[in-house]
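Below is one structure, written out as C-alpha cells, with a few remarks after it.
The values are calculated or read from the model by the stated rules, or taken from the named source; none is laboratory data. No experiment lies behind these values; they were computed from the predicted model shown. Here the Cβ is made from the backbone with ideal geometry for all residues, glycine too, and neighbour counts use every protein chain on show.
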C-alpha cells in the first residue's frame, strides 16, 4: 500500500503485455444499494470482450468506472496498464468511448464532429485529415461526411460515434449498448463494422449488451446479474457447459403442465416468457413422449439447442427478458440520476 492508500500495480514481466483491462474486487454502492458487487476481470489486448446481462445488472456502472466517469467504492481497476484513480488523464488518453445516449452535435457535419473531437484529443494536425478519412471510410460515411448530423439515420449516427471514438487511435474502445434502439438489420451492420475494426485496427473492444445474438460476436463474454459476474468464458464453452436442450410448450393450463412434467417425467419446469420451459438432454427425442404421456393439450412446442439465454437461465434461474420485465427501473440508476 502506498501513501495514496491505493495498492500499486503488479509489475508486468518483461516481454509480456499487461491486460488491456484489469479489475480486482470492484464495488460500487449508491447508499445501501450495491450496483457492482466485487467483480474480478482481465481482458486481453486485442480481445473483443462482451458484458452480457439485463438492464440494471451493473454493466454501465462498470464501464463508467473503467472510463473514469465514476469512482469505485472499493477495489482497483486498470486500463492499458494505468490505474483509473491515480492515472485518470493517462487512462482517458488510451480509451475511446461510445455512450449509450447520443452525444453528437446535430448541427455540425459528420466531419466537423470528428474535427472537433480531434482538437480535444490533440490529434496531430499533420495526419488528422487522413485519419478522419480513414475512420469515416471504415464506417461507410465518407460520402456523407459533409452532411449535417441531424440528417443522419440512427444507424449512421451510431457509426459516426464509433468513428469518433476511434479517431485518436485508442488502445481500448468502450461501447455501452451501442445498438440499443436500432432495428435488427442496422444492429447487424454495426457489428459488421466492429468486426472490420477488429481485423484492421487490432483495438481491444469492450462492449455491453443485452442482445444474445450480439454477444455471440465476442471472443469472450462475462454474464452479469445483480452486480455480479455469474459466468465468464467463450460463447461456445458457456453453451457447451449447459449440456441440455430447451423445450418450450404452450398449453391450455400451464400450472397443470408443470405438475404433470414433475410427476410423470421427474422434471422441474418453469414458465419463462409465457411458455412452459424445461431442459432435457435430447429435446428432439423428448417431444414425442410429451405428446403421448403428458395427457393434456399441447398447442405448440419448440426445441432449441443451448443458447446464451440458456446459460443465463442456468446461472440465475430466469431469462434476460424475464429479468428485465420484472426488474423495473434499477434503484441505483434512480439514485444516480438524483445525484447521489
Odd one out for residue 233, checked against (1) free of Cβ contacts under 8 Å to residues at least 24 places away in the same chain; (2) more than 16 Å from residue 308 (Cβ to Cβ); (3) assigned by TED's automatic domain parsing to the domain that holds residue 160: (2)
Complete set of residues in the range 21-53 that are more than 18 Å from residue 174 (Cα to Cα) and assigned to a loop (DSSP other than H, G, I, E, B): 31, 32
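Okay, residues lined up against (1) surrounded by 14 or more Cβ atoms within 10 Å (Cβ to Cβ); (2) at pLDDT below 90; (3) under 21 Å from residue 49 (Cβ atoms):
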{"position": "133", "(1), (2), (3)": "yes, no, no"}
{"position": "140", "(1), (2), (3)": "yes, yes, no"}
{"position": "145", "(1), (2), (3)": "yes, no, no"}
{"position": "152", "(1), (2), (3)": "yes, no, no"}
{"position": "199", "(1), (2), (3)": "no, yes, yes"}
Count of the range 84-131 residues which are modelled with pLDDT under 90, surrounded by fewer than 17 Cβ atoms within 10 Å (Cβ to Cβ) and touching a strand residue (DSSP E or B) at 6+ places or on another chain (Cβ under 6 Å): 1
Options 172, 139, 135; residue that is touching a helix residue (DSSP H, G or I) at 6+ places or on another chain (Cβ under 7 Å), more than 23 Å from residue 216 (Cα to Cα), touching a residue at least 24 places away in the same chain (Cβ under 8 Å) and assigned by TED's automatic domain parsing to the domain that holds residue 54: 135
The range 231-275 - residue that is in a loop (DSSP other than H, G, I, E, B) and within 30 Å of the chain's Cα centre (by Cα) and, of those, surrounded by the most Cβ atoms within 10 Å (Cβ to Cβ): 269
Filtered residues of the range 175-184 (kept if within 12 Å of residue 211 (Cβ to Cβ) and either crowded, with 21+ Cβ neighbours inside 10 Å or outside the structural domain of residue 54 (by TED's automatic domain parsing) (or both)): 177, 178, 179
Residues (within 25 Å of the chain's Cα centre (by Cα) and in a helix (DSSP H, G or I)) located in the range 119-155: 135, 136, 138, 154, 155
